[in-house]
Amino acid sequence: MPDERPPGAPEAASVHGDGAPPARRRGTADSKTRAALIEATARLVLEEGHGAVTARRVAAQAGLNPGLVHYYFRTMDDLLLAVFRHGAEANLRRQKRALSSAQPLRALWKVNTDPRGVKLMMEFVVLSNRDEAIRAEIAAYAERFREAEQAAIARVLKERGGDAPDISPAAASMLLDGVARLLAIERSLGVTIGHEDLVALVHDYLRRFDTPDTDNEG
C-alpha cells in the first residue's frame with residue numbers, strides 16, 4: 001500500500017471481524033511527510049506556543065495539504081505527542097554523545113542549557129496539565145535522561161577518587177539540570193541578573209573534573 005493517499009480517499013477496511021467500524025489507516029512512521037509535519041509543529045510550538053497548533057497552521061508551515069495532518073495523526077494531541085517523542089529521542093542521542101565525550105559533565109552542561117530544548121519542554125509541561133499521555137511521556141523521558149546522566153556522573157566521580165567533592169551522583173545530576181534549565185528559562189524571558197556569577201561558579205565546579213584537553217567554551 002502506498003505511504004500516502006490524497007485526502008478524501010477511501011479508508012482502509014477493518015481487519016477485525018467484530019463489527020467495529022473500520023480503522024482509519026495512518027501514514028507510516030518513517031514517512032517524509034509525517035516527519036515534515038512533526039518538524040513544522042515543533043517550529044510552531046517554539047515560535048508561538050502549543051496553542052497555535054492547528055491542522056491548517058501546521059500544514060501551512062510544512063507546505064502541505066491540511067488533510068494530510070489528520071491522515072497521519074488522529075488528533076492534534078496525537079501530533080503533539082509525536083513531536084515530544086521526536087524531540088525527546090533527539091535529546092537522548094545528544095546526551096549519549098555528550099556523556100561519551102572526554103569532558104562528559106561539561107558537554108552535558110551544554111546540552112542542558114540549549115534554549116530551544118528548554119523552550120519546547122516548558123510548552124509540553126504546560127500542555128501536560130490537561131494531557132495525561134504527554135505527562136506520562138515527560139516522566140518516562142526524564143527518568144531515562146537522569147538515569148544515564150547519574151551513571152556517567154558516578155563514573156566521573158569514581159575516576160577522580162578522593163579529589164572529587166563529597167556529593168552523590170543523584171544530587172550532582174539534579175543540581176546541574178536545575179541550574180541549567182533555570183538559566184535557559186530566565187534568558188528566554190530576558191532576565192540575566194546574577195547569571196554571569198552563577199555560570200562562573202558552575203564552570204569552577206566543572207573544572208574539578210576536567211582533563212588536559214578540556215574545551216572551555218560553553
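The values are calculated or read from the model by the stated rules, or taken from the named source; none is laboratory data. Source: prediction; values computed, not measured. Note that each Cβ is placed from the backbone with ideal geometry, even for glycine, and that neighbours are counted across all protein chains shown. Accessible surface areas use protein heavy atoms only, side chains included; no ligands, DNA or RNA. Shrake-Rupley method; radii C 1.70, N 1.55, O 1.52, S 1.80 Å.
The table that follows gives values for the structure above.
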item: Taking region 37-80 and dividing mean pair separation by its residue count, relative contact order in percent (alpha carbons under 8 Å, at least six apart); result: 37 percent
item: Radius of gyration and Dmax over the Cα atoms of region 61-142, both given in Å; result: 15.2, 48
item: Accessible surface, per residue, of region 63-218 when the full set of protein chains is kept, probe 1.4 Å, Å²; result: 55 Å²
item: Average Cα contact separation per residue, region 26-137, under 8 Å, 6 or more apart, as relative contact order %; result: 24 percent
item: Net charge, Pro66 excluded, C-beta distance under 11 Å - Lys, Arg +1, Asp, Glu -1; result: +2
item: Mean separation of Cα contacts under 8 Å (6+ apart) over length of region 91-143, as relative contact order %; result: 18 percent
item: Span from the region 41-100 Cα centroid across to the region 103-173 one, whole angstrom; result: 22 Å
item: Spin-label model distance (nm) - Leu201 vs Lys96, 7 Å beyond Cα toward Cβ; result: 3.5 nm
item: Size-normalised alpha-carbon gyration radius of region 39-104, reference 2.2 N^0.38 Å; result: 1.37
item: Percent carbon-and-sulfur accessible area, region 86-140, ignoring ligands, DNA and RNA, probe 1.4 Å; result: 58 percent
item: Per-selection Kirkwood Rh - region 82-218 (Cα, Å, 1 d.p.); result: 15.8 Å
item: Solvent exposure ordering (accessible area, 1.4 Å, most first) of His86, His50; result: His86, His50
